Amino acid sequence: MEKILFLAHTDANGLLPKSAFETLNAALEIQKGLAGSTLSVGLVGGNVQAAADSIASCGAAKMFGVSGADFGVSRYATDVKALEAIGAASGATILVAPATSRFSRALPGAAFRLKAAIDTHVSGIQFTDGVLQIQRWYYRQRMMATLTRAARPWILAVDSGVFQPWQGAKGSAKVEAITVIVSDKEKRTKVTGVEAPSADAQTIRPDAVVLLVAGAGWTKKQADGQTHAKEAEKHILDFLKYAKASLGSSKSLVDQGSEGEAVLSFMSHLNQVGQTGSTPRHPKGLSTCCHGEEPHVVGWRFINERRAINTDANCGWAQGKADVLYVADAFAVMAKVNELLAKG
Ligand SMILES: Cc1cc2nc3c(=O)[nH]c(=O)nc-3n(C[C@H](O)[C@H](O)[C@H](O)COP(=O)(O)OP(=O)(O)OC[C@H]3O[C@@H](n4cnc5c(N)ncnc54)[C@H](O)[C@@H]3O)c2cc1C
């Protein structure tokens, strides 16, 4: 009989991040699929009571908590100890955790200490003849594997955006506190503050419905023989503002800054989508002034509905990579789109 443990940590407000609610649904699905299995919860944070209360009705048989000032911040040494302690106390055979940056750092260490197997970037689960199988992508999202493991404990770090967030009634949860002693040496890493861009400068929005991708064409000479980088910036930023979209880029465009060419000031390598960039998840994507080369498009794996605007009717998007290709000038199209969006 499998003992499933859902793991989560609190955020800066002492609550659970969205990806934790998504992963809770994954854990519940696993419990449902494995006959006779039980579900427990393990929480790490400064104070985990509010987080526990928020999922009080999830059906967990037990909730474990490691809390206190030492666990309020993300730190490998203390997180790994907390996860190890919860894993041991619960006796879990399958541990399911969100792949947040905090847990992604600590889970492999916890796996080592618990003598567990771990799979990261889990992007799907299924059951075949009562056996749990997970899905994960390899080779920069070019190959998808379905796999299972006999090894226990088995830790699964679940990617965000795959499962619907769990929704259920709040309540008052009973949390079994686990005491974890931390030495001064283990606390020598100190979080002194958080540096985050202001909301306006924040162009990467994983929860956005639309991903707008900008390509190098925005900074190339246009029909009048001139470049129009400032105008391009305005069209792109207006669209991000009106559509609350996330911003992606082709490699060529983000590389231009280091090559001394005209650049879009808000664009960095973090925006790059593709084989050597990121693989964002959004329901819709709009590619503008980008050719649609294979090393770029491979990063569109998880974009469901794809549209592109390119003046070149033979660009890569026309080769079956987009659902709709507008053969048009992106400057003109985006100006019109923004005008319509501004009207609401
Ligand atoms: C190993 C390897 C890994 C790579 N990894 C990545 C990666 O992760 N991500 C990535 O993006 N690339 C990657 N590349 C590079 C990739 O192959 C392409 O070179 C790059 O994506 C091209 O960027 P682009 O389409 O913006 O620029 P370009 O190829 O210069 O295309 C610009 C496009 O803009 C169009 N255009 C110009 N003006 C307008 C206008 N007014 N309206 C509409 N359209 C217009 C043009 O028709 C043209 O198609 C990789 C390459 C290699 C070899």
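Values in this text are rule-based calculations from the coordinates and carry no lab data. Since the model is a prediction, treat every value here as computed from it, not as a measurement. When we count neighbours, we look across all protein chains shown, and the Cβ atoms used for this are built from the backbone with ideal geometry, even at glycine.
Key figures
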{"item": "Extension gain, ASP329 back to ALA177 (0.36 nm per residue minus Cα-Cα distance, nm)", "result": "48.6 nm"}
{"item": "In nm, spacing of pseudo-spin labels at SER265 and LYS62 (7 Å Cα→C-beta vector)", "result": "5.7 nm"}
{"item": "Ellipsoid equivalent to segment 210-343 - semi-axes via the Cα gyration tensor, in Å", "result": "19, 17, 15"}
{"item": "Average Cα contact separation per residue, the chain, under 8 Å, 6 or more apart, as relative contact order %", "result": "14 percent"}
{"item": "Footprinting exposure proxy for HIS296, HIS282 (fewest neighbouring C-beta atoms within 10 Å first)", "result": "HIS282, HIS296"}
{"item": "Projected-area mean, the chain, by convex hull of Cα positions, square nanometres", "result": "20.0 nm²"}
{"item": "Of VAL48, SER37, GLN133, farthest towards positive along the dipole that unit charges on Lys, Arg, Asp, Glu beta carbons give segment 3-187", "result": "GLN133"}
{"item": "Least to most buried among THR23, THR100, THR128 (fewest other Cβ within 10 Å first)", "result": "THR128, THR100, THR23"}
{"item": "At most 12 other Cβ within 10 Å, DSSP loop - trypsin sites (Lys or Arg not before Pro), segment 62-169", "result": "LYS115, ARG142"}
{"item": "Whichever aspartates and glutamates have a C-alpha closer than 15 Å to that of LYS81, once near sequence neighbours (fewer than 8 apart) are set aside", "result": "ASP70, ASP184, GLU186"}
{"item": "Stretchable slack from ALA88 to LYS115, in nm (0.36 nm times residue separation minus alpha-carbon distance)", "result": "8.7 nm"}
{"item": "Gained length - LEU341 relative to ALA151, 0.36 nm times residue gap less alpha-carbon distance", "result": "63.1 nm"}
{"item": "Segment 3-187: relative contact order in percent, alpha carbon pairs under 8 Å with at least 6 residues between", "result": "30 percent"}
{"item": "Positive-end residue, segment 205-344 charge dipole about Cα centroid, Cβ charges, pick of VAL333, GLN319, ALA243", "result": "ALA243"}
{"item": "Virtual spin-label span in nm between GLN133 and ASP53, 7 Å along Cα→Cβ", "result": "4.3 nm"}
{"item": "Antiparallel %, DSSP beta bridges [both residues in segment 3-187], to 5", "result": "25 percent"}
{"item": "FRET efficiency estimate (nearest 0.05) - Cβ-Cβ, ALA35 to LYS230, R0 56 angstrom", "result": "0.35"}
{"item": "Trypsin sites (Lys or Arg not before Pro) restricted to DSSP loop in segment 240-300 with at most 12 other C-beta within 10 Å", "result": "LYS244"}
{"item": "Computed over segment 3-187, Cα set: Rg, Dmax in Å", "result": "15.4, 49"}
{"item": "Segment 169-182 - phi-based ³J(HN,Hα) in whole Hz, Karplus 6.51/-1.76/1.60, Gly and Pro as x", "result": "6, 6, x, 10, 8, 9, 10, 7, 6, 10, 8, 10, 7, 10"}
{"item": "Simple label model, 7 Å out from Cα along Cβ direction - GLU195 to GLU294, nm", "result": "3.9 nm"}
{"item": "Residues VAL254, VAL73 arranged by fewest to most Cβ contacts within 10 Å", "result": "VAL73, VAL254"}
{"item": "Among the listed pairs LYS62/LYS241; LYS174/LYS241; LYS115/LYS187; LYS221/LYS244; LYS32/LYS241; LYS174/LYS244, those beyond 32 Å (Cα-Cα)", "result": "LYS62/LYS241; LYS174/LYS241; LYS32/LYS241; LYS174/LYS244"}
{"item": "Sequence-distant aspartates and glutamates (8 or more away, or on other chains) whose Cα lies within less than 20 Å of LYS3", "result": "GLU22, GLU29, GLU84, ASP119, ASP129, GLU176"}
